[in-house]
Amino acid sequence: MNTNIWTVDKNVENLSESRQIQQAAQALKRNEVVAFPTETVYGLGGNALSDIAIDHIFQAKGRPSDNPLIVHISNREQLIEYVDKVPERAEKLIEAFWPGPITVVLQHSKKLSTKVTANLPTVGIRMPDHPVALALIEAAGLPLAAPSANTSGKPSPTSANHVEKDLNGKISGIVDGGETGVGLESTVVDCSNDEVVILRPGGVTKEQIEEVIGPVKVDPALFDQETAPRSPGMKYTHYAPSSPLVLVEGSQTFFTKKVNDAKREGKKVGAMITEESQGLSQADYEVITGSRKDLSSVAHSLYRSLRAFDDCELDIIFAEIYSENEIGSAIMNRLRKASGGVIIKETDEMNNF
Ligand code: AMP
Ligand code: MG
């Protein structure tokens, strides 16, 4: 299959009428699949009403079919059409954060392809805050199911180039609207029951949510490998770079010691670190992912950094960790998944002496 690249300038007026967006929209109407930028990561979009389009998304990504897709919409009418009802707290979240990186899980109205929702009674739905995404949904006139546009298990794509690397020849096209902003996926919030629960941390933080609707729960499975998560997708390995990733909790000295211990064993070592520790790790290959002074810069470049190790044939990658509040919760959630939960702690090693 030939994969078209439609390059667009996200800042032009009447984007939905541009030739590129029109061509991409036509492909979507033919139930083909098209990747497009959102404010979080690139999505792989398909008609959420069509089993054929949804099958194609799962095939192109190699995604397990029990992992439901998020439906992307561009207006409130579509929300009313595809969900059964919008409870008060969901309404408040939508009012406060849409368009934006928060997905609400609600009972659906049974009009969507059952493959989108993996036969669940609920659907995850959001309105992205990106002019290209909104123009494409508008031009197609369809709700678009869109998981991240990467091969399942790999880091999510934050540029059209990442999408091309994973999916070239497998999808009809890519709308290239430049690098994405937030860099991590949306926050998934279950609003389908009386109790509001964060199923996946993401672009909108728990703290921001609580400012709007008061205290909310976080799915305990996010922190405990033994508990089955309520969000089906959270049980799968995700975001993994091509070499094993190990998280390091402790001082700079401890980090550098771990690097040197591995080098002494003959290993080729990578380090994923912030600007503040540039040049200090002594690793064979350092990738700088943002600054500790502004964790949103770490979120923005996290997946790009994980992908940057791909061609280096390293034996091990050590990564710094972050405090688990604000956007740090989402960063750590992704890093835990990328590392398969492997973390070495300075305090543990000190206790062994
Ligand atoms: P992705 O499409 O890769 O951004 O992943 C979407 C995430 O949302 C996955 O973790 C899904 O399991 C989750 N999700 C989508 N729909 C639902 C739903 N109806 N109930 C619970 N989680 C959902
Ligand atoms: Mg994904």
> With every protein chain present, what is the per residue accessible area of the chain (1.4 Å probe, Å²)?
Replying inline: 43 Å²
>> For residue 77, project a label point 7 Å along Cα to C-beta. Then give me every residue of the stretch 135-151 with its amide nitrogen under 20 Å of that point.
In response: 135-145
> Hey, what did the stretch 168-212 get for relative contact order, percent, Cα under 8 Å, at least 6 apart?
Replying inline: 29 percent
>> Using 0.36 nm times the number of residues separating residue 65 and residue 165, minus their current alpha carbon distance, what extension gain do you get?
In response: 33.7 nm
> What size of dipole, in debye to the nearest 20, comes out for the chain about its Cα centre when the only charges are +1 on Lys and Arg C-beta atoms and -1 on Asp and Glu C-beta atoms?
Replying inline: 800 debye
>> Net charge within 14 Å of residue 193 by Cβ-Cβ distance, Lys/Arg positive one each and Asp/Glu negative one each, not counting residue 193 itself?
In response: -2
> Between residue 218 and residues 5 or more places away or on another chain, which pairs have amide H atoms under 5 Å apart, with H built 1.01 Å from N, and which residues are they?
Replying inline: 198
> Counting pairs of alpha carbon atoms under 8 Å apart in space and at least six apart in sequence, what relative contact order in percent does the stretch 124-271 give?
Replying inline: 16 percent
> Summing +1 for each Lys or Arg and -1 for each Asp or Glu, what net charge is found among the other residues whose Cβ lies under 11 Å from the Cβ of residue 20?
Replying inline: -2
>> Give me the one-decimal nm value for the distance between modelled label points at residue 212 and residue 277, 7 Å along each residue's Cα-to-Cβ direction.
In response: 3.4 nm
> Considering only protein heavy atoms and a 1.4 Å probe, what is the carbon-and-sulfur percentage of the accessible area of the stretch 159-258?
Replying inline: 49 percent
> Under 5 Å between amide H atoms, partner at least 5 residues away or on a different chain: which partners does residue 173 have, H built in plane at 1.01 Å?
Replying inline: 4, 35
>> With a 1.4 Å probe and all protein chains left in place, how much of the accessible area of the stretch 12-133 comes from carbon and sulfur atoms, in whole percent?
In response: 46 percent
>> If I compute solvent accessible area with a 1.4 Å probe over the protein chains, what percent of it on the stretch 286-336 is carbon and sulfur?
In response: 47 percent
>> Using amide H atoms built in the peptide plane, which far-off residues or other-chain residues are under 5 Å from residue 43 H to H?
In response: 36, 38, 149
>> Probe radius 1.4 Å, ligands and nucleic acids left out: which of 219, 176 has the largest accessible area, and how do the rest follow?
In response: 176, 219
> Once you put a point 7 Å from the Cα of residue 260 and another 7 Å from the Cα of residue 52, both along the Cβ direction, what distance in nm separates them?
Replying inline: 6.3 nm
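The values are calculated or read from the model by the stated rules, or taken from the named source; none is laboratory data. These figures come from a predicted structure and were not determined experimentally. Note: ideal-geometry Cβ built from the backbone for every residue, glycine included; neighbour counts use all protein chains shown. In case anyone asks, the SASA skips ligands and DNA or RNA and just uses the protein heavy atoms, side chains included. Shrake-Rupley method; radii C 1.70, N 1.55, O 1.52, S 1.80 Å.
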